[in-house]
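Student: One structure, pasted below without further comment.
The values are calculated or read from the model by the stated rules, or taken from the named source; none is laboratory data. This one's a predicted model, so the numbers in the text were calculated from it and none came from an experiment. Here the Cβ positions follow ideal geometry from the backbone for every residue, glycine too, while neighbour counts run over all protein chains shown.
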Amino acid sequence: MTVSGPTVLVVDDDDQLRRALDINLRIREYEVLLASDGAEALRLLASHRPDLVILDLGLPGMDGVEVIAGARGWSSVPIMVLSARDQEVDKVAALDAGADDYLTKPFGMDEALARVRALLRRRWHGEDDPVVTTSCVVIDLARHEVSATPEGQPIHLTPTEWTILEILARNAGRLVTRDALVGELWGGSQAIDPSAIRVHLSNLRRKLEQDPTRPCCLRTEQGMGYRLQAG
């Protein structure tokens, strides 16, 4: 059978887990690349340009957070972390470095595959997609581009940051609940650590707001959700 699906790079030094992910992804017609350390992962990322990376943090030689930081210097590929590290500080470090999702080991294979699908899912393409303007940025939904106002300087976002911003932009002026964001990002899983959303929003504010400590575009409605203030 010819594999025609997306390419997933699996990076883990656990042979058994790496093999299990390989089998489960291949039977769903993904093409799979395998690496057991960070250096090999970066080489494969550069040479094969996969559509998604599944990455362990506790790798020999080069820590997974270092791999994320190295990749983010030139690639916006979605990165999903699988790690036995379950402390919030570890999750924040990985997300701050540029990871798009974080799943703690042990995990269910069905949930992991659902998150893979969510990260790979293509959203809302079309020529009629609007351009949303705020006091800070211009968001071109058709071109998947964000630029600062008024100078027009392009702003680089990770895939997850773009998805969050796109959801908020398509609901500009309206409240988007945390559950709605989780549903779009991670298939509605109720196991998501609330800190994951907060970290992504904090990163977005640092990139988009003139004063991230006093946001005027990306607003938090305490206990409810988030709102993009357009106009």
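Student: In the range 11-41, what residues are basic (Lys, Arg) and in a loop (DSSP other than H, G, I, E, B)?
Tutor: 28
Student: Taking the range 71-96 as the region of interest, how many residues are out of contact with any strand residue (DSSP E or B) (no Cβ under 9 Å at 6 or more places or on another chain) and in a helix (DSSP H, G or I)?
Tutor: Looking only at that region, the number is 5.
Student: Which condition does residue 44 not pass, out of (1) part of a helix (DSSP H, G or I); (2) under 13 Å from the mean Cα position of the chain (by Cα); (3) aliphatic (A, V, I, L, M), if it passes all the others?
Tutor: Unmet condition: (2).
Student: Please work out which one of (1) without any contact (Cβ under 8 Å) to a residue 40 or more places away in the chain; (2) in contact with a strand residue (DSSP E or B) (Cβ under 7 Å, 6 or more places away or on another chain); (3) surrounded by 17 or more Cβ atoms within 10 Å (Cβ to Cβ) is the condition residue 115 fails and give its number.
Tutor: In the conditions (1) without any contact (Cβ under 8 Å) to a residue 40 or more places away in the chain; (2) in contact with a strand residue (DSSP E or B) (Cβ under 7 Å, 6 or more places away or on another chain); (3) surrounded by 17 or more Cβ atoms within 10 Å (Cβ to Cβ), residue 115 misses (1) alone.
Student: May I ask you to list the residues in the range 145-185 that are free of Cβ contacts under 8 Å to residues at least 24 places away in the same chain and crowded, with 17+ Cβ neighbours inside 10 Å?
Tutor: 162, 167, 182
Student: With respect to residue 8, determine if the residue is under 25 Å from residue 185 (Cα atoms) and outside any loop (DSSP other than H, G, I, E, B).
Tutor: So residue 8 fits the description; yes.
Student: Residues 165, 157: which one is in a helix (DSSP H, G or I), touching a strand residue (DSSP E or B) at 6+ places or on another chain (Cβ under 8 Å) and at pLDDT 85 or above?
Tutor: 165
Student: Continuing with the same structure: Does residue 140 satisfy the condition of being surrounded by fewer than 20 Cβ atoms within 10 Å (Cβ to Cβ) and at pLDDT 85 or above?
Tutor: Judged against the criteria, residue 140 is a match.
Student: Being modelled with pLDDT under 90 and either assigned to a helix (DSSP H, G or I) or within 21 Å of residue 25 (Cα to Cα) (or both) is the filter here, so list the residues in the range 116-126 that pass it.
Tutor: 117, 118, 119, 120, 121, 122
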